[in-house]
Every structure is written in structure tokens, then in C-alpha cells.
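**Q** Quick one: the structure is below, questions incoming.
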Amino acid sequence: MSEPSTQDLPPVLPNGMPAEAARHYRELGLWTGQTHRDLFDSAISGRPEHTAVVDRHRSLTYRELGEGMARAAAVFRAAGVGEGSPVVVQLPNSAVFLETVGALFALGAVPVFALPAHGSREVEHFCALADAVAYVGPRRGTRDLLAVADAVRERRGDVAVVTVDERVAEPWAEATVDGDVVDVRDAAMPTTRVSPASLAFLQLSGGTTALPKLIPRTHDDYLYSVRRSVEVCDVRPEDVMLVALPCAHNFTMSSPGILGALHVGATIVMAADPSPTTCLSAIEKHGVTQAALVPPLLLAWLNSPAVARHDPSSLRTLWVGGAKLSDTAARRVGPELGCTLQQVFGMAEGLVNYTRLDDPEDLVVTTQGRPMSEHDELRILAEDGTPVAPGEPGVLHTRGPYTICQYHRVPEVNARSFSEDGFYCTGDIVRQLPSGHIVVVGRDKDQINRGGEKVAPEAVENELLAHPAVHDVSVVGIPDEALGERIRAYLIPRAEHRERMPTAVELRGFLRGRGLSSFAVPDVFEVVSEFPHTGVGKTSKKDQRGMAVPERGPATD
Ligand code: OOB
């Protein structure tokens, strides 16, 4: 590991922090000069024969993970990837994902973390905004996923397309770069070393803008959040962590996540899908000790007959976050699953709050935790921008050793998302208890949170407006017992289509065909003749959220 020096600091870091803030965090010992490559290297040299990762097809020790990373690096090198090259990664939960990420860090490259559910529209946007050199996706998979690689090939000729099959014994020996297999027989680990202050990767923001923003995280800031999460969540070397949510998401990556497991040399079990049957049998089979879930998945687990068929007694902790968890569901975790609940209120931009393992039950079930670092700064502001009285609700703004001060290459969005003194405006309405614990009470941002998946209504509206039968559209989140929110699209048809609007099935097919992410496709379409208006004549989404009875009935399936 390199000594943290202040020599390598540019005036403004890629995450928007000024050099003086970075110096401060180094002096405090929060930033240690470690890079993500160092994290992988120490795990591999520290516990070579311990199981690092298990998926449905492969089980790798840390030594084998290192060998896989070297082969993967040979493939990426053949794709023109080197130090500083952005590479869009869109892979399912698998050992191959870990080999890919480790290889990219070893090359000093910059992963851009897409989710398998992202459509070609979003992936093309990530390629453009990040200036990607390569895209890596699966060689086999669903039609939608393979269509993304095809779209990148067709429309982004400057991006090398790497495909890899995570289901075979030697994925990298068969991987292709623009259709050609690469010789990986004598692959050696790259020797590249990068600055801990440099851009480590780009993560995606839960959309509030039509196209997702990219979140620049540095090695120093992100690894501090990993180490702190490991402490707060008590992750130990003998632990077996189940990854049920998409592995590229910030929650599964670092709260405490895959990187937390690597930090202590624990074992990662990649679930093929998040269903209770798959996960509960994996828990029993591998002796899983921890897992991270979004609230709808926790409900699915709690209400599944699979709980009675499998023995979940190895589970010690469940982390639940990404969307608001109900007190009722929270109270069932201990008695029914026999483990401790930790609520997690986090964001890919930085700040992560956890309930603590020794918090009284009442705080664990009724709050979303408190900031994980004593160096997290929080402001809770009223509409006029002044601080609210203690305990009152307001919009949360935050700054700290692992929270970004800018998005990647969108100055106009940065101007409204960050204050001049570098606080991130979360758009979450919260109140804070005297203990420091936070209760999330609402949202002051145009975003739908569909069971933890964040959807920007504008993104869906833009695509629907492209349909020839649609005159105008408004997309809102409506309350849903299981998901928290579902997506409802109100459509005003063009005059000539009034008598025959496309069915919901046709509209869904249209949206997927345009490359919209699967989780952003509306659950309900409703045809109306006009939208409710606010005083100034804008569409009143507030009224639409409350509109229970459709004016002209749903577009029929
Ligand atoms: C996590 O990250 P993102 O970037 O997908 O979404 C962040 C937003 C927050 O601003 C908030 O609106 C919502 O998701 N959220 C919650 C929540 N956790 C996240 N709302 C209510 N209660 C919660 N517990 O979602 C994320 C990142 C790291 C760890 C955990 C979640």
C-alpha cells in the first residue's frame, strides 16, 4: 500500500472535493492512501486458500480469483483498456463480475457500473458520457440483455465490445473482444499503480433527470466508507455474505457489501436471483451469515413458505435499505428469521446511515439509522433554506469524507444539486431524533422509488412521447403495499387515436424496444382527456398521485 501523501492532490478531486478537504481527511487518518487494487491484492495474498466467491457454476479461492483477474486483464488489454480507460460493466451476479472488477482495477481502468436491467438507451448514454473505451456484457442471456451489446456495437463503433459467459468453467478462455477470442494462457497480473486520489469508478445515480447521472468516486473516499461499514456492521473473516441484489449497486458493493467482504477476506455467495426459494436454499447450503435486501424482498422472504422448508439459522444480520421499510415488517425480522436487522439509508452519492447492532429494538424498527461516520455533516433545511428546529422535518443536505461534491460532467445539474460549500442536496425529507437517528418521512425530488429501484419520471415520459398515438404523458409513483411505489403513466391520446389507444402490452413492448430499462416500464397505463393543473397551469403530479379512479379507465391489455 502506498503512503498517503499530499503531493498527488489536484486542486479539485474527481469527486469535486477541494484538495484542502482531502488533506484534512488524510490528516484525520480517514483516508489511508489505499486503492481498490490494494484491497484485492491484500485479500488474495492474505487468504489464498480461503473461498472468495461462489456462484451457481463456479467456486473460487482467493488465489483462483487472482488468476481469473489476470486472465480477465489480458482480455481487457486486448480490447484497448489501459490506465484511466472507462469501461461500462453490465454483468449478472457472478464470480465473473468480481474477476472483471478486480482486473479493471489492476489495469488502473475505471469501471462504469451499469445494472443488468439497464436498457440500451441508458447504456449508450453511459458510454457517451463516460467516454468509454469498452463495454463488457454477458455472452449468453436474455434477449433484452444481448440487445444492449448489439446496440453498442451498432451505434458506438468507438467502443470495444467484450462478451463473457459466466456459466462456463473457463470464462476468460472463451471471452471475445469484438467477436474474437483472446489467448489468455500466459496471462500475468498487470503492474499498474494509480493514485488513491484518482477516479476509481463511476456509479449511477438513482435518476431524477431524464438520463442517469454518473457518480465519480475516488479510491480514498470509497474505501473509507467500506472500512467504516465493516466496523459498524461487524463483518468478520469467517463470514459468508449472500449477494441477492444486483452486485453493481452501491448498497451491495460497499454497505458493507462485496468490498466489505473482500476487506476482511470473507466469502461471497452470488445468488442467481433474489427469490426466497433461491436465497433461502443458498443460505442453508453455504451457511450464509449476512445478506442485503430491499424492503419488498424482505417481505417476499418473510411471507414465503420457503422459510419453513429451509434452515436460516446461520444468518446473523440482515441489512435492509434502498427504500423505506415499514415498522411492521421490521419487527418480524428477529422473531421469524432469527437474525438482527440493520436498517440502511444510503445513497450512491455518499452518505450511509445504519442502525447499530446494539441499538434498542425501538430505534432499529422505527428509524433508518444514523450516519456511519462522526465526520458526516448533516443539515436539515426548511423550504426557505434555513435549518429546521430540532426534530422537525426538512430536506437533508450532507457533506463528508465519502460524499461527492459533483456529478461527472454535468455542470448545470451540479449547480442545483450541490451547495456552494459542497453539501449534496439529497432531496430526502427527514427528521433527526436527539440520538442522531434519522427517520425518512418523504421526498422532495421528482423520482419514483419502486422497491429500491429509482426511476426518473422524465425518462419514461420522454420515451412515451415518442409513440405516435400519444399527445401528452405524465408519469407518477402511486402507493403500493409491497413495493412502496408503483409506476403509473397517464396518457392523453392524439385526436386521431382517441378511439383506439394501444394496449398496455403494446406500450410496454414499445418502451422496451426503445431501450428503456425494464424496471422503469410503467405498471399501469391510464388514458385521460386532460391532466389536473396547479395554480400556474403546470400538470399537478400531486393530484395525479392521489387519483384513484381513472377518468376513462385503463388502456386494456
Ligand atoms: C441506495 O442508493 P441509491 O443511490 O439507489 O438511492 C438513494 C436514495 C436516497 O436518497 C433515498 O431517497 C432512498 O434512495 N433510500 C431510502 C432508504 N435508503 C435509500 N429511503 C428510505 N429509507 C431507506 N432506508 O438506495 C443505497 C445506497 C447505499 C446503501 C443503501 C441504499
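**Q** Within the stretch 469-493, can you find the residues that are outside any strand (DSSP E or B) and touching a helix residue (DSSP H, G or I) at 6+ places or on another chain (Cβ under 6 Å)? Walk me through it before giving the result.
**A** Looking only at the stretch 469-493, we keep the residues that are outside any strand (DSSP E or B), and these are 469, 481-483.
Once the filter is applied, which keeps residues that are outside any strand (DSSP E or B) and touching a helix residue (DSSP H, G or I) at 6+ places or on another chain (Cβ under 6 Å), the stretch 469-493 yields Ala469, Ala482, Leu483.
**Q** Within the stretch 360-391, how many residues turn out to be assigned to a loop (DSSP other than H, G, I, E, B) and not hydrophobic (A, V, I, L, M, F, W, C)?
**A** Going through the stretch 360-391, the residues assigned to a loop (DSSP other than H, G, I, E, B) turn out to be 360, 367-369, 372-376, 382-386, 388-391.
Narrowing the set further to residues that are not hydrophobic (A, V, I, L, M, F, W, C) leaves 360, 367-369, 373-376, 383-386, 390-391.
Counting residues in the stretch 360-391 that are assigned to a loop (DSSP other than H, G, I, E, B) and not hydrophobic (A, V, I, L, M, F, W, C) gives 14.
**Q** Residues that are more than 13 Å from the ligand (Cβ to nearest atom), β-branched (Val, Ile, Thr) and open to solvent by 10 Å² or more (accessible area, probe 1.4 Å): does the stretch 502-514 have at least one? First the steps, then the outcome.
**A** Of all residues in the stretch 502-514, those more than 13 Å from the ligand (Cβ to nearest atom) come to 502-514.
With β-branched (Val, Ile, Thr) added as a condition, the list becomes 503, 505.
Those left that are additionally open to solvent by 10 Å² or more (accessible area, probe 1.4 Å): 503, 505.
Checked against the condition, which is being more than 13 Å from the ligand (Cβ to nearest atom), β-branched (Val, Ile, Thr) and open to solvent by 10 Å² or more (accessible area, probe 1.4 Å), the stretch 502-514 yields at least one hit.
**Q** Do you know which of the residues in the stretch 77-119 that are modelled with pLDDT under 95 and either small (Gly, Ala, Ser) or in contact with a Lys or Arg (Cβ under 9 Å, 6 or more places away or on another chain) (or both) is surrounded by the most Cβ atoms within 10 Å (Cβ to Cβ)?
**A** Per the stated criteria, the residue is Gly119.
**Q** A further question follows. From the set of residues in the stretch 423-462 that are open to solvent by 10 Å² or more (accessible area, probe 1.4 Å) and more than 16 Å from the ligand (Cβ to nearest atom), which is farthest from Lys538 (Cα to Cα)?
**A** Ser435
**Q** Answer yes or no as to whether Pro256 is within 16 Å of the ligand (Cβ to nearest atom), open to solvent by 10 Å² or more (accessible area, probe 1.4 Å) and in contact (Cβ under 8 Å) with a residue 12 or more places away in the chain. Don't jump to the end; show me each part of the working.
**A** Numbers: within 16 Å of the ligand (Cβ to nearest atom): yes; open to solvent by 10 Å² or more (accessible area, probe 1.4 Å): no; in contact (Cβ under 8 Å) with a residue 12 or more places away in the chain: yes.
Against the criterion (within 16 Å of the ligand (Cβ to nearest atom), open to solvent by 10 Å² or more (accessible area, probe 1.4 Å) and in contact (Cβ under 8 Å) with a residue 12 or more places away in the chain), Pro256 does not qualify.
Every residue, every condition in (1) surrounded by fewer than 18 Cβ atoms within 10 Å (Cβ to Cβ); (2) modelled with pLDDT of 95 or more; (3) within 26 Å of the chain's Cα centre (by Cα), yes or no:
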| site | (1), (2), (3) |
| --- | --- |
| Thr289 | no, yes, yes |
| Leu299 | no, no, yes |
| Asn303 | yes, no, yes |
| Val307 | yes, no, no |
| Ser313 | yes, yes, no |
| Val333 | no, yes, yes |
| Thr340 | no, yes, yes |
| Gly346 | no, yes, yes |
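**Q** Of these, Arg140, Arg121, Arg153, which one is closer than 23 Å to Met69 by Cα and out of contact with any Pro (no Cβ under 9 Å at 6 or more places or on another chain)? Step through it out loud before you land on a result.
**A** Details: Arg121 fails: closer than 23 Å to Met69 by Cα; Arg153 fails: closer than 23 Å to Met69 by Cα.
Checking each option against the conditions leaves just Arg140.
**Q** If you don't mind, there's one more thing I want to ask. Might you check whether a residue that is open to solvent by 10 Å² or more (accessible area, probe 1.4 Å) and closer than 21 Å to Asp234 by Cα occurs anywhere in the stretch 323-331?
**A** Within the stretch 323-331 (the criterion being open to solvent by 10 Å² or more (accessible area, probe 1.4 Å) and closer than 21 Å to Asp234 by Cα), the answer is no, since none of the residues qualifies.
**Q** State all residues of the stretch 469-491 that are farther than 21 Å from Lys324 by Cα and surrounded by fewer than 17 Cβ atoms within 10 Å (Cβ to Cβ); if no residue qualifies, say none.
**A** His471, Asp472
**Q** Does the stretch 421-439 hold any residues that are among the polar types (S, T, N, Q) and either over 16 Å from Gln343 (Cα atoms) or assigned to a strand (DSSP E or B) (or both), and which are they? Working first, answer last.
**A** Initially, the stretch 421-439 is screened for residues among the polar types (S, T, N, Q), giving 426, 432, 435.
Within the stretch 421-439, Thr426, Gln432 qualify.
**Q** What's the number of the condition Ala149 fails, among (1) part of a loop (DSSP other than H, G, I, E, B); (2) surrounded by fewer than 23 Cβ atoms within 10 Å (Cβ to Cβ)?
**A** With respect to (1) part of a loop (DSSP other than H, G, I, E, B); (2) surrounded by fewer than 23 Cβ atoms within 10 Å (Cβ to Cβ), Ala149 is out only on (1).
**Q** Could you please let me know if Val243 is in contact (Cβ under 8 Å) with a residue 24 or more places away in the chain and crowded, with 21+ Cβ neighbours inside 10 Å? Show your work before the answer.
**A** Working: in contact (Cβ under 8 Å) with a residue 24 or more places away in the chain: yes; crowded, with 21+ Cβ neighbours inside 10 Å: yes.
The answer is yes for Val243.
**Q** Regarding the stretch 189-199, can at least one residue be identified that is on the phi < 0 side of the Ramachandran plot, without any contact (Cβ under 8 Å) to a residue 12 or more places away in the chain and among the charged types (D, E, K, R)? Spell out how you get there, then give the answer.
**A** Going residue by residue through the stretch 189-199, those that are on the phi < 0 side of the Ramachandran plot are 189-199.
Still in the list and also without any contact (Cβ under 8 Å) to a residue 12 or more places away in the chain: 191.
With among the charged types (D, E, K, R) added as a condition, the list becomes none.
No, because not a single residue in the stretch 189-199 is on the phi < 0 side of the Ramachandran plot, without any contact (Cβ under 8 Å) to a residue 12 or more places away in the chain and among the charged types (D, E, K, R).
**Q** For the stretch 354-398, name all the residues that are open to solvent by 70 Å² or more (accessible area, probe 1.4 Å) and more than 22 Å from Gly334 (Cα to Cα). Don't jump to the end; show me each part of the working.
**A** As a first pass, look at the stretch 354-398 and keep what is open to solvent by 70 Å² or more (accessible area, probe 1.4 Å): 358, 360-362, 370, 374, 379, 383-384, 387, 390, 392.
Listed by number, the residues that qualify are Glu374, Arg379, Glu383, Asp384, Pro387, Pro390, Glu392.
**Q** Looking at (1) in contact with a helix residue (DSSP H, G or I) (Cβ under 8 Å, 6 or more places away or on another chain); (2) within 24 Å of His50 (Cβ to Cβ); (3) away from the ligand (no atom under 13 Å from the Cβ), can you tell me which one Ala261 breaks?
**A** Failed condition: (1).
**Q** For the stretch 31-50, how many residues meet the condition of being in a loop (DSSP other than H, G, I, E, B) and open to solvent by 20 Å² or more (accessible area, probe 1.4 Å)? Before you say what the answer is, go through the steps one by one.
**A** Taking the stretch 31-50 first, the residues in a loop (DSSP other than H, G, I, E, B) are 31-35, 47-50.
Next cut, open to solvent by 20 Å² or more (accessible area, probe 1.4 Å) only: 32, 47-50.
Of the residues in the stretch 31-50, 5 are in a loop (DSSP other than H, G, I, E, B) and open to solvent by 20 Å² or more (accessible area, probe 1.4 Å).
The values are calculated or read from the model by the stated rules, or taken from the named source; none is laboratory data. Note that the coordinates shown come from a computational prediction; the quantities given were computed from them, not determined experimentally. Cβ sites come from the backbone with ideal geometry, for glycine too, and all protein chains shown count toward neighbours. With ligands, DNA and RNA removed, areas are computed over all heavy atoms of the protein, side chains included. Shrake-Rupley method; radii C 1.70, N 1.55, O 1.52, S 1.80 Å.
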